Amino acid sequence: MGLTDFFRKSLAPPAPKEDIFDDEFQRKLDYLAVISRRLFAGRLRAERRTKKTGSGIEFADHRQYNAGDDLRYVDWKVYGRSERMLLKLYEEEEDLSIYVLLDCSESMAYGEPSKFDHARKLAAAMAYVGLANLDRVALLAVSTKVDKTLPSTRGKGRIFKIFDFLRSVRPKGETALADAARQFTTQQKRRGIAIIVTDLYDPEGFERGINAIRYRKYEPMVIHVVDPRESDPGARGDVTLVDVENGESREITLTDGMVKAYKEEHEKWRKEIDDFCKTRQVPYVAADITKPFEEQVLYLFRRLALVE
Amino acid sequence: MEFFGLTAGQLGTLYLGVGAAVVVLYILKLRRRQVPVPFAKLWKRVLIERPSSALFQHLKRILSLLLQLLLLGLMVFALADPRFKGLSRAGRNLVVLVDGSASMQATDVPGGRATAAREAVRRMIREMGSADRMLLAQMDGEVTALSPMTDDVASLENALKDYAPRDTGLDFAGATRFALDAIRGLERAEVVIVGDGGYGPARDGAGEVRLPEGVPLRHVAVGRSGRNVGISAFSARRYPLDKTRYEVLVEVRNYSDRREEIELSLYADDAPLEVTRMTLEPNGSQQRVLRDQSGANQTLEARVQFADRTRDDLPADDRAYATLPARRRSRVLLVSDGNLYVQAALLLDEYIESEEATVADAPQKMREGRYDLVVMDGVTVPAPPGTAVLYLHPSGTDSPLEIDGATPEAAEIRRPFFERIDARHPLMRFMSDIEDTNVGVATRYRLREGDRAVAASAQGPLVVVGQRTGGRFVAVTFDLRSSDLPLRVSWPVLVINTIDWIHGEDPAYLSSFKTGESWRVPVPAGVDRAEVEGPDGRRSSAPVIEGRAVLRGMRAGFYRVRAGNEAQIVAGNLTDPDESRVAPRAFAELNGTRATAPIAGRVGVRRELWLYLLAGALAIVVLEWLSYHRRVTV
């Protein structure tokens with residue numbers, strides 16, 4: 001190769017990145033939606049119940065009558081038996097709000113292929129299923145804050161807006177899930193399911209971010225995007241490890257033994273996440289980006305009982 | 001331990017200098033490769049749990065520095081060229097004489113004797129002790145040193161590649177004298193002879209060659225058998241009176257103990273002339289003379305092979321070469337009143353173009369035409385400078401010789417006889433009946449300085465040769481008609497010899513030379529060097545001494561000798577029965593010194609420690625490389 005060829009090659013614009021939300025991907029989503037309906041046949045409904053009590057027809061609970069309450073809801077049978085004025089409460093039926101929080105920190109772009117593309121696909125799949133079930137779906141790109149928001153929308157036809165939104169977001173900055181979650185809960189008054197698609201590489205700890213959502217009565221679901229190749233940086237010898245998010249560096253002599261120890265530590269950390277979610281009844285799924293996307297989405301549906 | 005390399009001071013300076021550079025390089029902060037990781041917090045947890053690992057890494061760095069300094073130390077120590085004490089003084093000085101004579105071209109052993117000899121010498125080189133030194137020389141017709149006295153195995157093995165037997169005999173006395181000169185003043189000298197044993201006596205003009213007391217003589221015998229027939233003689237000559245024709249002598253000899261059927265072929269100018277089959281008795285020979293041959297212009301070649309077309313063990317003597325003298329036309333002017341005897345003699349050779357002239361028109365003709373010879377029969381006329389003249393009973397003022405007497409009558413010699421004949425002079429060759437010649441009256445001439453009487457009677461010269469005004473002359477001091485010389489064979493022979501002598505043609509022309517000897521080839525006057533192209537196409541230059549190019553042919557075949565504007569071909573032959581007798585012969589002693597088998601050096605392998613030091617350094621580097629790439633240490 002001559003010098004001219006070298007420069008020509010060097011100066012050439014990078015090859016356009018393949019659109020991850022192409023027609024093929026959309027067909028795949030349609031297929032997955034059908035499969036998910038078949039899997040959960042009989043349990044699917046166009047609307048969902050929420051834990052909110054209100055004016056539905058399904059009995060939920062009693063409460064003490066207060067002055068001003070609508071007398072139509074007094075349970076007269078109870079009054080006849082116990083002379084207590086109790087009001088019948090019904091589950092309020094409303095369309096469900098699904099919030100997909102996509103981690104857009106720099107660590108999501110690590111590796112090739114990156115976790116970020118996989119996370120965006122998963123987010124699109126979650127959103128699509130939600131839209132297909134006539135739920136209200138909102139997307140939020142988060143890092144240390146909510147970087148970008150796609151307001152709640154409904155109907156399958158809106159999937160393209162979601163694709164456009166996901167195409168427009170770029171990974172950058174650090175991770176502070178707790179701060180982002182606080183901002184999210186402040187902005188979004190309507191409670192619902194908050195699906196967090198993230199690698200959980202939060203220096204402040206993954207627990208704070210999840211708790212911040214839980215404490216504000218949202219239902220968090222964690223999709224942990226995992227790249228098993230991350231546990232081995234490849235190099236050996238005297239190296240400087242540099243954190244891709246905050247640039248923090250550390251000089252070490254990397255050996256096989258050390259990499260092995262790191263792998264064990266990584267596994268231990270994942271176990272901590274799993275245990276944390278289990279004890280707090282937070283649905284948790286580790287999404288391995290090296291595994292086929294379709295299988296993973298179906299597993300996600302089943303694991304998160306998203307369509308139930 | 002002794003040191004033959006750099007001094008301690010030099011080594012110390014070198015080690016300190018380079019060592020300091022190594023230490024500085026280690027002190028300098030290593031520019032580490034940057035490895036991005038997605039989450040450094042997890043790595044921190046790993047590193048906190050492995051504090052001992054950091055200490056080990058630190059120690060490894062120091063160990064690595066020490067290793068580098070050790071490597072440097074090994075290399076610097078190698079530069080000191082250390083050797084074990086004592087070995088350097090115990091070395092032998094070996095003079096190896098490898099037989100390169102023609103018999104070493106025999107193919108009775110696989111690969112030939114030359115290959116076997118080369119292998120034997122190579123083995124000796126590899127078995128040299130650490131302090132042994134060796135000088136390699138090839139001995140054939142002369143001695144050629146192939147290497148200096150050295151302990152460098154590589155240069156000795158390289159020099160051995162130059163060994164190649166040649167088509168010559170063996171000057172064993174010269175070779176052993178060379179060995180004596182080479183070991184003079186050296187301790188622990190040994191002479192090793194590698195060959196087939198057919199060396200001949202080690203004796204020359206200075207007497208027998210004897211090795212000094214205490215100098216061992218080793219002998220490595222090469223060769224196994226010997227089935228050989230060869231041409232032991234090959235010669236050709238033109239007939240003096242008819243130079244278009246020639247005769248050839250071939251002698252073929254059987255050097256083995258069995259009867260051999262052979263086929264002898266003769267080629268003239270590369271064209272087949274004759275093929276003969278004959279039977280040779282064990283160790284017998286046959287001569288064959290081919291008379292009255294014609295057709296060859298210049299070269300003849302004889303080839304012999306077994307009748308079944310198989311080859312014998314020594315191809316070098318299966319071919320022999322000969323050349324015939326080149327023919328040239330001669331222009332002769334006869335100045336005479338008419339002499340049939342002279343005219344007849346000049347008609348004998350078709351290569352002679354003769355013309356006749358009278359005394360009156362002779363000067364004019366001599367000025368106009370270039371004659372190789374002017375014959376003046378009883379008369380003398382002034383000849384241009386450089387003209388060759390045959391005077392028959394000269395007289396008058398232009399005579400080259402003065403009459404030795406007051407009057408012609410006083411100088412007369414009555415009935416002289418050819419009593420003193422210089423048979424070695426070219427003019428007098430082949431004159432078998434000259435002594436019986438009867439002469440009535442001759443004239444006594446006074447010879448000048450440089451003149452020579454090649455035939456004379458007691459009273460005075462009869463045939464005189466000399467030189468006048470740049471040209472040769474021959475003078476017969478009597479009138480042919482007053483003798484019976486014209487009736488004898490010697491008369492036309494004298495005329496032909498005169499023309500040959502004038503032309504420089506030597507009746508004793510050698511049709512071939514023997515390889516390995518000095519050849520003296522006649523060349524035209526006025527040149528001081530001759531260019532020689534050998535049978536193998538190699539060109540060389542030969543000095544010209546006394547009108548002859550002096551060269552030494554070491555290969556059988558035809559040589560082209562170019563001197564001035566003239567080129568000629570000469571032939572060289574191995575006609576050496578000692579070489580053709582290829583059966584190995586025992587070599588037990590050299591004039592009192594018993595020959596024994598060679599022994600290996602005291603140390604079978606080289607003991608130059610620098611090699612081992614460098615090998616050690618290399619091994620450490622390889623180990624470090626392996627440990628690094630196999631992730632043992634990093």
Between beta-carbons, use under 14 Å as the cut-off and find the net charge around B:Glu356, counting Lys and Arg +1, Asp and Glu -1. -3
Quote the charge dipole size of the protein assembly as shown about the Cα centre in Debye, to the nearest 20; the model charges only the Cβ of Lys and Arg (+1) and of Asp and Glu (-1). 6800 debye
Convert each backbone phi in the stretch B:147-155 into a coupling constant with the Karplus relation 6.51 cos²θ - 1.76 cosθ + 1.60 (shift: θ = phi - 60°), then list the ³J(HN,Hα) values in order as whole Hz, x for Gly and Pro. 8, x, 6, 9, 9, 7, 4, 5, 6
Subtract the Cα-Cα distance of B:Arg328 and B:Arg446 from 0.36 nm times their separation in residues, and report this length gain in nm to one decimal. 39.0 nm
Using θ = phi - 60° and the Karplus form 6.51 cos²θ - 1.76 cosθ + 1.60, what ³J(HN,Hα) does each residue of the stretch A:246-260 get, whole Hz, x for Gly and Pro? 10, x, 5, 10, 8, 8, 9, 9, 7, 10, 4, x, 5, 5, 5
Calculated FRET efficiency for the pair B:Thr358/B:Thr469, C-beta based, R₀ 25 Å, to 0.05: 0.65
Between B:Gln343 and B:Ser540, how high is the FRET efficiency from 1/(1 + (r/R0)^6) when r is the Cβ-Cβ distance and R₀ = 51 Å? Nearest 0.05. 0.60
Listed here are the pairs A:Lys156/A:Lys217; A:Lys88/A:Lys156; A:Lys77/A:Lys278; A:Lys121/A:Lys268; which of them are more than 32 Å apart at the Cα? A:Lys88/A:Lys156; A:Lys77/A:Lys278
Amide H partners (placed H, <5 Å) of B:Glu356, local residues excluded: B:Leu334
Pairs of lysines 8 or more apart, or on different chains, with alpha carbons under 27 Å: count those in chain B, would you? 7
Diffing the stretch A:204-219: the Karplus 3J(HN,Hα) column from phi (6.51, -1.76, 1.60, θ = phi - 60°), in whole Hz with x for Gly and Pro, holds 7, x, 5, 4, 5, x, 5, 5, 4, 7, 4, 5, 9, 6, 8, 9
C-alpha long axis of helix B:51-79 to longest principal axis of chain B, angle in °: 30 degrees
Using the Cα atoms of the stretch B:169-314, I'd like the radius of gyration and the largest Cα-Cα distance, Dmax, both in angstrom. 21.8, 66
With all pairs of different alpha carbon atoms counted, what Kirkwood hydrodynamic radius in Å does the stretch B:513-570 show? 11.1 Å
Extension gain B:Val527-B:Arg560, at 0.36 nm per residue separation less the Cα-Cα distance, in nm? 10.3 nm
Pop a pseudo-label 7 angstrom from the Cα along the beta-carbon direction at both A:Gln281 and B:Glu350 and give the gap in nm to one decimal. 14.0 nm
Binned at 10 Å starting from 0, the alpha-carbon pair-distance distribution of the stretch B:437-491 in whole percents comes out as 23, 52, 23, 2
Computed over the Cα atoms, what is the radius of gyration of chain B divided by 2.2 N^0.38 Å, N being its residue count? 1.55
Mean ellipticity per residue at 222 nm, deg cm²/dmol - from DSSP H runs of n ≥ 4 across the protein assembly as shown, formula -39500 (n - 2.57): -9000 deg cm²/dmol
Under a crude label model (7 Å from the Cα following the beta-carbon direction), how far is B:Phe3 from A:Asp164 in nanometres? 8.5 nm
Leading residue at positive end of dipole, chain B (Cβ point charges), from B:Phe306, B:Ile403, B:Leu67: B:Leu67
For the stretch B:330-503, which semi-axes, largest first and in whole Å, follow from the square roots of 5 times the eigenvalues of its Cα gyration tensor? 23, 19, 15
1/(1 + (r/R0)^6) with r = Cβ-Cβ of B:Arg420 and B:His503, R0 = 22 Å, i.e. FRET efficiency to nearest 0.05, evaluates to 0.25
What's the local net charge at B:Val252, with K and R +1, D and E -1, over the other residues with C-beta under 13 Å away? -3
Would you mind computing Rg(Cα) / (2.2 N^0.38 Å) for the protein assembly as shown, counting N as its residues? 1.98
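Coordinate-derived values only; no laboratory data. Just so we're clear, the structure is a prediction, and the values are computed from it rather than from any experiment. Every residue, glycine among them, receives a Cβ derived from its backbone with ideal geometry; neighbour counts consider all protein chains shown.
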